[in-house]
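The values are calculated or read from the model by the stated rules, or taken from the named source; none is laboratory data. Note that the structure is a prediction, hence the values are computed from the model and not measured. Quick reminder, even Gly has a Cβ in these numbers, built from the backbone with ideal geometry, and neighbours come from all protein chains shown.
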Amino acid sequence: MYLDYWGFEKFPFDNVPDPDFFYASEPHKEGLTRLIYAVKRGKGCALLSGDIGCGKTTLSRVFMERILGERLDIGIVSNPCSNSTEFLKDVLYQFGISDAPDTKVNIIHVLQKKLIENMNVGKKTLLIVDEAQLLSDETFEEIRLLLNFQLSDRFLIMIFFVGQPEVFDKIRKNEPLKQRIAIKYSLRPFNLGETKDYILFRQKKAGGNGNLFSEDAIETIYEHSEGLPRKINHLCDLAFFVGFGNKAKMISSGIVEDIIDDGTVF
Ligand SMILES: Nc1ncnc2c1ncn2[C@@H]1O[C@H](COP(=O)(O)OP(=O)(O)O)[C@@H](O)[C@H]1O
Ligand SMILES: [Mg+2]
């Protein structure tokens, strides 16, 4: 593959939410600060939204790394089922309980017991629900009820919703839940300057020896990707692949335009 040809130790533009490759753009930094604040202050509920591919899952991974020092038990539901009983079973599973009872009432009892156990050993409990726009209205209501587990001065469980912008419309329909959201943040795509910094940053992180993209190539990538990191990665990775095939010395806008015209990327 192209690693040696371009002088990288790792693939610079793999589409995985790897915290090592995290580029702290202004919006990502701000989102991170708010999530960390929410957890440190024991806020009941937070919401991180943004378009597909703008970096929500990556940000939640980085967030987990940053709060490692806190006494926290974290469960992550990444692909929530719309059925509320199945969802609650998944929540238990993510907190390490695999033999969930069948009825909703019993599942909730087991969960409540877990929350109290955590509290007794001085741990906060945090549930992160990724792709939260997939949750049904019924499941949102079930989650709201979970937030009722609280002591006079704090919640027994904190919940972070991560999802596409439609998640707002869903939560808006549930007024009591909406009122529980103490922190919310919408990630925006990168602007041109951030796209450039991002492309430079990832090449460096991958062990590269400087920037291999022309200014024009970066502008074309920005226009086509609309500043969405997942699309930027896809284009840059293909550009290296095609450039390697052509024995190019760097990535020109011609290479990027050919890839776009080919229809290989959306
Ligand atoms: N701030 C960032 N720093 C480095 N890479 C990022 C960043 N944001 C997104 N990415 C990259 O873009 C890809 C898509 O991001 P992801 O977090 O999966 O988006 P979302 O969850 O919003 O759909 C990730 O796999 C990651 O490689
Ligand atoms: Mg995601």
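Can you pull out the residues in the range 150-187 that are within 16 Å of ligand 2 (Cβ to nearest atom) and touching a Cys at 6+ places or on another chain (Cβ under 7 Å)?
L187
Can you find, within the range 141-174, the residue that is surrounded by the most Cβ atoms within 10 Å (Cβ to Cβ) among those that are aromatic (F, W, Y) and at pLDDT 95 or above?
So in the range 141-174, the residues aromatic (F, W, Y) come out as 149, 155, 160-161, 168.
Okay, now just the ones that are also at pLDDT 95 or above, so 160-161.
Values: F160: 23, F161: 27.
The residue in question is F161.
Consider the range 41-90. How many of its residues are away from ligand 2 (no atom under 16 Å from the Cβ) and assigned to a helix (DSSP H, G or I)?
Of the residues in the range 41-90, 9 are away from ligand 2 (no atom under 16 Å from the Cβ) and assigned to a helix (DSSP H, G or I).
Could you list, ordered by first residue, the pairs with Cβ atoms under 7 Å in which the first is in the range 50-62 and free of Cβ contacts under 8 Å to residues at least 60 places away in the same chain and the second is near ligand 2 (Cβ under 9 Å from one of its atoms) and not in a helix (DSSP H, G or I), at least 6 apart or interchain?
Correct list of pairs: R61/P17.
Evaluate the range 85-92: report whether one residue or more is buried (at least 21 other Cβ atoms within 10 Å of the Cβ), within 22 Å of R202 (Cβ to Cβ) and in contact with a strand residue (DSSP E or B) (Cβ under 8 Å, 6 or more places away or on another chain).
For the range 85-92, residues buried (at least 21 other Cβ atoms within 10 Å of the Cβ), within 22 Å of R202 (Cβ to Cβ) and in contact with a strand residue (DSSP E or B) (Cβ under 8 Å, 6 or more places away or on another chain): absent.
Among the residues of the range 96-117, how many are farther than 18 Å from T139 by Cβ and among the basic types (K, R)?
The total comes to 2.
State yes or no: is V242 surrounded by 20 or more Cβ atoms within 10 Å (Cβ to Cβ) and aliphatic (A, V, I, L, M)?
In short, no.
Based on this model, can you work out whether R180 counts as under 30 Å from I255 (Cα atoms) and in contact (Cβ under 8 Å) with a residue 60 or more places away in the chain? Working first, answer last.
Details: under 30 Å from I255 (Cα atoms): no; in contact (Cβ under 8 Å) with a residue 60 or more places away in the chain: yes.
Considered against the rule, which asks whether it is under 30 Å from I255 (Cα atoms) and in contact (Cβ under 8 Å) with a residue 60 or more places away in the chain, R180 comes out as no.
Tally up the residues in the range 221-266 that are among the β-branched types (V, I, T) and within 26 Å of the chain's Cα centre (by Cα), please.
Residues that pass the stated criteria total 4.
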